[in-house]
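Here's the structure, in structure tokens; my notes come after.
The values are calculated or read from the model by the stated rules, or taken from the named source; none is laboratory data. Quick caveat: nothing in here was measured; it's all calculated off a predicted structure. Heads up, the Cβs are rebuilt from the backbone with ideal geometry, glycines too, and the neighbour counts pull from every protein chain shown. Heads up: the accessible areas ignore ligands, DNA and RNA and are worked out on the full protein's heavy atoms, side chains in. Shrake-Rupley method; radii C 1.70, N 1.55, O 1.52, S 1.80 Å.
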Amino acid sequence: MADLLGPDQVLSFYWASGEADLKRGIDNRLVRRCGAGRGVIIGASFGDLTVFSPYGMVVDADVAACAQFAGAVEIHAPLDDQQRYRDLIGQRLIQAREMLVYGMELPGVTGVSADYRRLTPADLDVVAAFYHAYYPETAFDPYMLEMPFVGIFENDALVASAGTLALSEALQAVLIWHFLTAPAARGRGLAKESGRALLRTLGQAGYHSVYLATTSENAPANSIYRQLGFSVLDRRIQFDLRP
């Protein structure tokens, strides 16, 4: 794989975090060598959602294999190849949106003004209920609570959270995800505070590089990520496929 990973830090992280998950007993990754070995598709399943990220030379049969995969699917394709992907996905396509891949190098500690605490597998029922009530379409899997995950509580109720999707201790890098807030608590900056809390937790745990992704039309999320110090590393097209 070293010949394919090259200098692409996000692709290298995807590979390294997949190896790390396998060592932890989490077998949720898929790999397909493409184009006579000159390309690769790395897939990951998060709950009911499978995400495919193609790099290098990927031929029609490789794209079709992703488009025919069972269940809900996202394909994160190169911008300059989007029409071919559209044609091969066909009627399963729900929507296509520009995706921004962000990265940042962690400072020592990020200040947090809100009270928060680290969430663990013991909080599974609370976190699962939070997602089910407010974000049922957002992928969540219990193993994520084994990684850095934080929550902000008010009156013993979880009102905001931010978590980790994948990590690599070898690269001291993590992939984090949506900073989510209960609808009644929106407009008070809690999404940004939960993000700060997660970044502080990651920094204290020894991680240095942090990645995340969102779509370009999600203006509130993009604003928060930039305020926290993230910068855009890559732009792709996110194809959402119906189950």
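Largest first and in whole Å, give the semi-axes of the range 61-102's equivalent ellipsoid, each being the square root of 5 times a Cα gyration tensor eigenvalue.
Whole-Å semi-axes of the equivalent ellipsoid: 17, 12, 10.
Assign unit charges at the C-beta atoms only (+1 for Lys and Arg, -1 for Asp and Glu), then state the dipole size of the range 73-188 relative to its Cα centre in Debye, rounded to the nearest 20.
So the magnitude is around 280 debye.
Under a Cβ-Cβ cut-off of 13 Å, what is the net charge of the residues other than P107 that fall near it, where Lys and Arg count +1 and Asp and Glu count -1?
Neighbourhood net charge equals +1.
Debye sum, Cα scatterers, the range 68-158, no solvent: what log₁₀ I/I(0) at q = 0.11, 0.13, 0.14, 0.23 1/Å?
-0.56, -0.74, -0.81, -1.19
Report the antiparallel proportion of the DSSP beta bridges in the range 157-243 as a percent, rounded to a multiple of 5.
Percentage antiparallel, nearest 5: 65.
What's the carbon and sulfur percent of the chain's accessible surface, probe 1.4 angstrom, rounded to a whole number?
So the carbon and sulfur contribution to the accessible surface is 51 percent.
Per residue, how large is the accessible surface of the range 38-186? Use a 1.4 angstrom probe and give square angstrom.
Roughly 46 Å² per residue, with all protein chains present.
For the range 1-113, calculate the relative contact order in percent as a whole number, restricting contacts to Cα pairs under 8 Å that are 6 or more residues apart.
16 percent
Could you give the radius of gyration (one decimal) and Dmax (whole number) of the Cα atoms in the range 172-243, in Å?
13.5, 39
Could you tell me the largest-minus-smallest coordinate of the C-alpha atoms of the range 1-119 on each of the three principal axes, in descending order and whole angstroms?
49, 34, 30
Roughly how far apart, in whole Å, are the Cα centres of the range 52-97 and the range 140-218?
Cα centroid to Cα centroid, the span is 28 Å.
Run the simple label-point estimate for A129 and R32 please: 7 Å along Cα→C-beta, distance reported in nm.
Between A129 and R32, the label points sit 4.1 nm apart.
How large are Rg and Dmax for the chain when calculated on the C-alpha trace, in angstrom?
Cα only, the chain: 17.8, 58 Å (Rg, Dmax).
Please report, to one decimal in angstroms, the Kirkwood hydrodynamic radius of the range 124-243 built from all distinct Cα-Cα pairs.
Result for the range 124-243 stands at 15.2 Å.
Work out the length of the dipole vector of the chain about its Cα centre, built from +1 on the beta-carbon of each Lys and Arg and -1 on the beta-carbon of each Asp and Glu, and round it to the nearest 20 debye.
Value, rounded to 20: 300 debye.
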